[in-house]
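Reading through the structure tokens given below for one structure.
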Amino acid sequence: MLSQLYIENIAVIQKADIRLREGFNVFTGETGAGKTILISAINAVLGARTSRSIIRSGESRAVVSALFSDLSPDAARQVEELGYTAEEGQLMIHRELDAGGSGSCRINGRPATTALLRQIASLLIDIHGQRDSQELLSTEKHLSFVDGFGGLEGDLEAYQRVYRSLCQVREKRESLEMDESYKLQRQDLLQYQLNEIESASLTPGEEEELLAQREMIRNSERITGALGSGYQLLTGGEDGIGIVSALGSLGEELDTASQFVSGLEEYQSKVEDLRYDLEELASTLRGSLEDYSFDPRQLDRIEDRLDLLYRLKKKYGATVEEIIAYGERSAQELDELTFADERAAQLREEEQALTAQAEKLAEALSAKRSRAGERFIASVREELAYLDMPNVRLSLNTTRRELGPTGWDSVEFFLAANPGEEPKPLSKTASGGELSRVMLAIKTVLAGKGGVGTLIFDEVDTGVSGRAAQKIGLKLAQVAKSRQVICVTHLAQVAAYAGHHSRIYKQVEKERTYTHVEVLDREERVRELARINAGENITDIAMESARELLTLAGN
């Protein structure tokens with residue numbers, strides 16, 4: 001369950017440290033007090049996409065931390081499979097948002113990604129927001145409800161693996177079964193390109209080598225001049241008086257002086273070593289001069305080769321390596337086109353086999369969906385009857401279509417809210433209040449199938465009032481007996497059934513707006529319920545009515 005939520009600099013919430021408990025937790029407050037911000041903060045810490053606008057005005061960063069405790073063994077195992085450990089059944093998730101667009105996520109102090117947060121969130125929390133009822137207007141969502149209720153995720157995944165393979169094979173086969181004239185034109189083009197590339201006899205790295213050679217040839221006069229001057233300085237040329245001979249003379253003089261002056265022996269030895277090194281250098285320079293020769297035609301050949309590479313690069317790639325890779329791909333495509341008919345025949349056989357396999361899996365999945373759908377609809381009807389919709393007729397309209405990513409079943413909920421009416425698509429007949437109650441019924445039914453420890457409902461009572469609202473409160477309290485329920489509501493009938501009640505309110509201090517969260521004791525709950533029912537002019541009758549409401553709810 002979600003034990004603690006810490007929020008800092010999210011919208012109008014500067015700081016809030018919210019402690020949550022087992023059972024039914026409810027949050028109330030005036031419109032605009034920040035109840036929705038609370039859900040936004042929970043979504044943020046669970047990896048949802050967030051905008052920088054969520055950061056409090058004037059602040060550079062926002063922080064949300066959530067502490068989950070008493071994780072189920074199954075949830076703890078799945079968390080470990082994702083690389084994290086729920087020590088003593090606890091998990092701390094931390095997310096920091098930066099106004100500059102960056103941010104960070106941590107799970108138990110270790111770095112994480114928002115994708116990982118979303119994966120782990122699906123094991124811990126199920127959030128039903130104000131927009132989720134609109135999911136009922138999407139028929140694609142209806143099928144996922146049935147699959148979730150029937151535990152058919154594994155069957156669907158097995159089918160989808162085969163279906164993906166089928167799509168890949170079909171795409172390859174269709175690409176090979178092209179127009180014959182286009183195929184011949186393509187073969188001619190590929191053959192021409194391949195011949196042009198192969199005739200060039202390209203070698204990886206040759207362009208760089210050619211450029212270096214061209215640079216050397218263009219500077220040949222400078223190179224030979226430098227080599228000759230260096231050799232002459234060392235040897236003295238025709239005069240024979242160069243650095244090497246001068247060092248020899250210096251060594252002899254030092255040898256003589258060292259017989260009478262102490263400390264010169266070391267320098268005499270160094271001069272001698274230096275003379276040997278420079279003699280070796282002179283020999284190297286002489287060899288380089290003798291080996292270095294420049295053929296003017298060589299520069300022409302290099303320029304021609306570079307020009308060829310330039311033309312090929314304009315057609316086939318930015319580098320010699322890319323041109324070679326292009327040639328390899330062309331050769332492969334040409335080979336495929338040459339043997340396209342044979343390959344297409346093989347792919348047709350693969351496609352037929354995969355189609356048969358996919359149809360078999362789709363048929364089995366469809367049968368399971370049919371059985372699961374009947375049980376699902378019966379369970380939802382039972383919940384709707386409890387939620388003050390006893391005469392509702394909810395049915396599942398299933399049609400078969402071509403094989404697709406989810407099989408060949410198209411599923412849509414049909415609803416007749418009143419006796420004597422024919423069931424029609426839910427999206428065309430249900431009111432806002434009916435949608436809210438249908439969604440609550442579905443969530444209640446699905447909650448019994450999953451292992452998620454916390455359910456969050458954001459104004460699930462939208463569009464209802466009176467007895468129906470009371471039934472929603474009682475239903476949430478019943479659900480809270482087996483898992484934690486957190487509800488944001490604007491109805492006193494719902495709030496009265498909560499075991500733990502917190503109020504969200506705003507204050508203006510020094511021309512800044514601050515949102516606060518306070519836990520209410522029983523007398524404070526009475527006043528808050530009276531405010532919800534009667535507004536700001538709370539009378540003794542309103543207070544007495546609120547007390548009675550709490551008493552009837554068992555609080």
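The values are calculated or read from the model by the stated rules, or taken from the named source; none is laboratory data. As the structure is a computational prediction, the values presented were derived from the model and not from experiment. Cβ placement follows ideal geometry from the backbone for every residue including glycine, while neighbour counts extend to all protein chains displayed. Please note that ligands, DNA and RNA were not included when accessible areas were found on the heavy atoms of the full protein model with its side chains. Shrake-Rupley method; radii C 1.70, N 1.55, O 1.52, S 1.80 Å.
Tabulated results
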quantity: Residues being within 26 Å of the chain's Cα centre (by Cα), aliphatic (A, V, I, L, M) and open to solvent by 10 Å² or more (accessible area, probe 1.4 Å) - total across region 1-34; calculated: 2
quantity: Every pair of residues 6+ apart whose Cβ atoms lie under 7 Å, when the first sits in region 138-159 and is farther than 20 Å from residue 358 by Cα while the second is β-branched (Val, Ile, Thr) and part of a helix (DSSP H, G or I); calculated: 145/442; 149/445
quantity: Matching residues in region 277-298 - criterion: being hydroxyl-bearing (Ser, Thr, Tyr), touching a residue at least 24 places away in the same chain (Cβ under 8 Å) and part of a helix (DSSP H, G or I); calculated: 288
quantity: Restricting region 69-91 to residues that are hydrophobic (A, V, I, L, M, F, W, C) and surrounded by 16 or more Cβ atoms within 10 Å (Cβ to Cβ), the residue that is nearest to residue 18 (Cα to Cα); calculated: 91
quantity: Tabulated pairs, region 14-37, first at positive phi, second among the hydroxyl-bearing types (Ser, Thr, Tyr), C-beta under 9 angstrom, 6+ apart or interchain; calculated: 29/502; 29/505; 29/515; 34/505; 34/515
quantity: Flag for residue 175 being over 30 Å from residue 316 (Cα atoms), at pLDDT below 90 and among the polar types (S, T, N, Q); calculated: no
quantity: Complete set of residues in region 146-157 that are surrounded by 14 or more Cβ atoms within 10 Å (Cβ to Cβ) and either among the small types (Gly, Ala, Ser) or more than 24 Å from the chain's Cα centre (by Cα) (or both); calculated: 146, 147, 148, 149, 150, 152, 155
quantity: Some residue of region 470-486 being in contact (Cβ under 8 Å) with a residue 12 or more places away in the chain, of a type outside the set (Val, Ile, Thr) and over 23 Å from residue 499 (Cβ atoms); calculated: no
quantity: In region 506-542, residue surrounded by the most Cβ atoms within 10 Å (Cβ to Cβ) [restricted to those that are part of a loop (DSSP other than H, G, I, E, B) and acidic (Asp, Glu)]; calculated: 521
quantity: Filtered residues of region 35-68 (kept if open to solvent by less than 10 Å² (accessible area, probe 1.4 Å) and either over 27 Å from the mean Cα position of the chain (by Cα) or of a type in the set (Gly, Ala, Ser) (or both)); calculated: 41, 44, 47, 62, 66
quantity: Residue list for region 383-401, filter: under 35 Å from the mean Cα position of the chain (by Cα) and either more than 19 Å from residue 370 (Cβ to Cβ) or of a type in the set (Lys, Arg) (or both); calculated: 400, 401
quantity: Residues of region 277-286 classified as over 15 Å from residue 249 (Cβ atoms) and either open to solvent by less than 80 Å² (accessible area, probe 1.4 Å) or not charged (D, E, K, R) (or both), total; calculated: 5
quantity: Within region 455-478, considering residues that are part of a loop (DSSP other than H, G, I, E, B) and within 36 Å of the chain's Cα centre (by Cα), the one farthest from residue 385 (Cα to Cα); calculated: 459
quantity: Unique match (being open to solvent by 10 Å² or more (accessible area, probe 1.4 Å), at pLDDT below 85 and over 33 Å from the mean Cα position of the chain (by Cα)) among 424, 481, 449; calculated: 424
quantity: Residue 201 small (Gly, Ala, Ser) and open to solvent by 70 Å² or more (accessible area, probe 1.4 Å); calculated: yes
quantity: Residue, most open to solvent (accessible area, probe 1.4 Å), within region 299-324, restricted to residues that are touching a residue at least 60 places away in the same chain (Cβ under 8 Å), of a type outside the set (A, V, I, L, M, F, W, C) and under 13 Å from residue 196 (Cβ atoms); calculated: 315
quantity: Yes/no for residue 154 being in a helix (DSSP H, G or I), within 30 Å of residue 93 (Cβ to Cβ) and at pLDDT 90 or above; calculated: yes
